[in-house]
1. Identify all residues within segment 71-102 that are farther than 28 Å from residue 125 by Cα and open to solvent by less than 60 Å² (accessible area, probe 1.4 Å); write none if there are none.
2. Residue 42 - would you say it is over 18 Å from residue 81 (Cα atoms), at pLDDT 95 or above and of a type in the set (D, E, K, R)?
3. Going by what's in this entry, would residue 192 be described as in a helix (DSSP H, G or I) and either modelled with pLDDT of 95 or more or in contact with a helix residue (DSSP H, G or I) (Cβ under 9 Å, 6 or more places away or on another chain) (or both)?
4. Only one of 250, 184 is modelled with pLDDT under 90, farther than 15 Å from residue 123 by Cβ and surrounded by fewer than 16 Cβ atoms within 10 Å (Cβ to Cβ); which?
5. Could you grab me the full set of residues in segment 89-117 that are modelled with pLDDT under 80 and closer than 20 Å to residue 19 by Cβ?
6. Of the residues that sit in segment 112-138 and are outside any loop (DSSP other than H, G, I, E, B) and among the small types (Gly, Ala, Ser), which one is most open to solvent (accessible area, probe 1.4 Å)?
7. Would you mention how many residues in segment 145-181 are surrounded by fewer than 19 Cβ atoms within 10 Å (Cβ to Cβ), touching a residue at least 24 places away in the same chain (Cβ under 8 Å) and closer than 24 Å to residue 73 by Cβ?
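The values are calculated or read from the model by the stated rules, or taken from the named source; none is laboratory data. This is a predicted model, so every value here is computed, not measured. A quick note on method: Cβ atoms are made from the backbone with ideal geometry, for glycine too, and the neighbour counts reach across all protein chains shown. These accessible areas exclude ligands, DNA and RNA; they are computed on the full protein's heavy atoms, side chains included. Shrake-Rupley method; radii C 1.70, N 1.55, O 1.52, S 1.80 Å.
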Amino acid sequence: MDFKMQDLKLDMGTTPLENMFLNTYVQMADGDALKVYLLIYKDCYNYRRVDSAKIKRQLRFSDERFDKAIDFWVNMGVFRQKRADNGTDFIEIVSLRQMYFGDSEDNQSTEAAYDLAQRKSIMFSNIETIIGRSLTPADITRVQEALLEYSSDPELVTEAFRQAKASGNVDVKYVMGFVKTWRDQNIKSLNDLRMKEERDKLVRKRSPRKYRRNPASARKDASDNDEISSFIQRRKEERLNRIINQRGEDNDS
């Protein structure tokens, strides 16, 4: 079935939503959570303030039902609890697009900032392909923090997810352990990592090889040793019996 937008003859106001939000959370949130989010977002976007009591009346939600929807978005990382300079608490609606691209450094040129944003976008897309699901805001935050804290390139983070996938664990916290280990080894780019891998290959190639015995061969050797020991013991017993018998014959005579 095909769909088309009607041409607007009278604009009564529009509230744009990020495609990243729609693609990620529509299938995850229940009806209550979506209703609360959409109405809060609309008021915050258009009026810069939100009347929670009005939204509760509009939706006919109890305080408990409304708070449950708010808690869902807080736990998902879409709502962020913060405190203003005057000490009052408020909830910030997180921009997924901003989370993907991160904040540009003040000393970065426009071209450099755009290049980094493009590389991050490619990185997040590759990560979601590798792990087979959409990243949550909490996941995105962890990755962004790792990029800043460890001064790592986006391509190196993607490689960390590839290697973690091969090991069977793509938990973001676990994967960031790869990036931290590489940082400790002064590896901050994919090129740094490839150079280290090549150096490690050369070291292994030049090192004397240590051969390990085949377990089956070791068991066979042990069995042969047991047979030899048993044979020696039998010969000792036969020699002792001959001596005893010979002495017995001498006494009889």
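1. Answer for segment 71-102, where residues must be farther than 28 Å from residue 125 by Cα and open to solvent by less than 60 Å² (accessible area, probe 1.4 Å): 84, 87.
2. No, not satisfied.
3. It is true that residue 192 is in a helix (DSSP H, G or I) and either modelled with pLDDT of 95 or more or in contact with a helix residue (DSSP H, G or I) (Cβ under 9 Å, 6 or more places away or on another chain) (or both).
4. Only one candidate qualifies: 250.
5. Listed by number, the residues that qualify are 96, 97, 98, 99, 100, 101, 102, 114, 117.
6. Selected residue: 125.
7. 1
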